[in-house]
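As structure tokens, the structure follows; a few thoughts come after it.
The values are calculated or read from the model by the stated rules, or taken from the named source; none is laboratory data. Keep in mind that this is a model prediction, so the values were computed, not measured. Cβ placement follows ideal geometry from the backbone for every residue including glycine, while neighbour counts extend to all protein chains displayed. Remember, those area values only see protein heavy atoms, side chains included, never the ligands or the DNA or RNA. Shrake-Rupley method; radii C 1.70, N 1.55, O 1.52, S 1.80 Å.
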Amino acid sequence: MKKVFTIALLLAAAMSINAQEVSSKAKAVRMLAYARSEYQVKDVKVYADTMTVFSLADQPIYPFGKWATVEQFITNNQLHWYRKSGYKTFYDTMTVAVNTLERLDGSNINFYRSIWTSKLEMVAARITDTAIALDNGIHVGMSKADVFKTIFKSFPKSYTSDIRVLKVIAGAAEVGEVYTFKGDKLKLIQVVSKYKYY
């Protein structure tokens, strides 16, 4: 009798795990269908409490917009930034000037001016200040529903209720935005990149 009960319990556990995988895959496929066309979403993955959106749009690459100089960016957003400049080795072969803008709460943005694009390219950012908004309007303090509505036309609330981290990654996966939620509010925005610095 114990063997039958144990086998039944193991089968139930295996079926439950398989059902969760199908559920995550189905959720990802449905969310892909809900994506806004301007984001050019090519894939959505859901794993545990994290949803990853792969986009071919410029938004993940230029989350603060396209700027040719640091001064243009600072003047446009009209926030007081503390600015630091330094040099870092880039791809083993060249030294580039990396600019860091900081706010009193510790929010910071690191970028360099590319000789290839003539634009400010993101290296990294960590935003906790509610006054700082991305080019798409997303800012810390927004509701989870409003963040998702920026990227998706509509979606069942149950699809996002257990999501604590939303990643919007550029198609080449070199740069992306990471939105971290606490409860129903956006608590942290990060920009991550694979640009090779030493």
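Evaluation of residue 46 against the conditions (1) at pLDDT 90 or above; (2) open to solvent by 50 Å² or more (accessible area, probe 1.4 Å) shows that the sole unmet condition is (2). One residue stands out in the range 156-198 among those that are under 13 Å from residue 121 (Cβ atoms) and assigned to a strand (DSSP E or B): the one that is modelled with the lowest pLDDT, namely 197.
Every residue, every condition in (1) in a strand (DSSP E or B); (2) within 22 Å of the chain's Cα centre (by Cα); (3) under 19 Å from residue 137 (Cα atoms), yes or no:
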| residue | (1), (2), (3) |
| --- | --- |
| 71 | no, no, no |
| 75 | no, no, yes |
| 83 | yes, no, no |
| 99 | yes, yes, no |
| 105 | no, yes, no |
| 109 | yes, yes, yes |
| 112 | yes, yes, no |
| 116 | no, no, no |
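Taken over the range 124-144, the residue count meeting the criterion of being part of a loop (DSSP other than H, G, I, E, B), open to solvent by 20 Å² or more (accessible area, probe 1.4 Å) and either in contact (Cβ under 8 Å) with a residue 40 or more places away in the chain or not β-branched (Val, Ile, Thr) (or both) is 8.
Of all residues in the range 175-198, count the ones that are open to solvent by 30 Å² or more (accessible area, probe 1.4 Å) and not small (Gly, Ala, Ser). Residues in the range 175-198 being open to solvent by 30 Å² or more (accessible area, probe 1.4 Å) and not small (Gly, Ala, Ser): 12 in total.
For residues that are over 13 Å from residue 119 (Cα atoms) and open to solvent by 90 Å² or more (accessible area, probe 1.4 Å), tally how many sit in the range 64-94.
Within the range 64-94, the subset over 13 Å from residue 119 (Cα atoms) is 74-94.
Of the ones still in play, those that are also open to solvent by 90 Å² or more (accessible area, probe 1.4 Å) are 75-76, 78, 80, 82-84, 87-88, 91-93.
Residues flagged as over 13 Å from residue 119 (Cα atoms) and open to solvent by 90 Å² or more (accessible area, probe 1.4 Å) within the range 64-94 amount to 12.
When residue 121 is tested against (1) open to solvent by less than 40 Å² (accessible area, probe 1.4 Å); (2) in contact with a Gly (Cβ under 9 Å, 6 or more places away or on another chain); (3) charged (D, E, K, R), just one condition goes unmet, and that condition is (2).
In the range 145-174, the qualifying residues are those that are hydrophobic (A, V, I, L, M, F, W, C) and either under 9 Å from the mean Cα position of the chain (by Cα) or surrounded by fewer than 15 Cβ atoms within 10 Å (Cβ to Cβ) (or both), and the one that is farthest from residue 23 (Cα to Cα) is 172. Scanning the range 70-115 for residues that are of a type in the set (Ser, Thr, Tyr) and modelled with pLDDT of 90 or more returns 75, 82, 100, 107.
For the range 95-116, enumerate the residues that are open to solvent by less than 30 Å² (accessible area, probe 1.4 Å) and of a type in the set (Val, Ile, Thr).
Within the range 95-116, the subset open to solvent by less than 30 Å² (accessible area, probe 1.4 Å) is 96, 98-101, 107, 109, 111-112, 114.
96, 98, 100, 109, listed by residue number.
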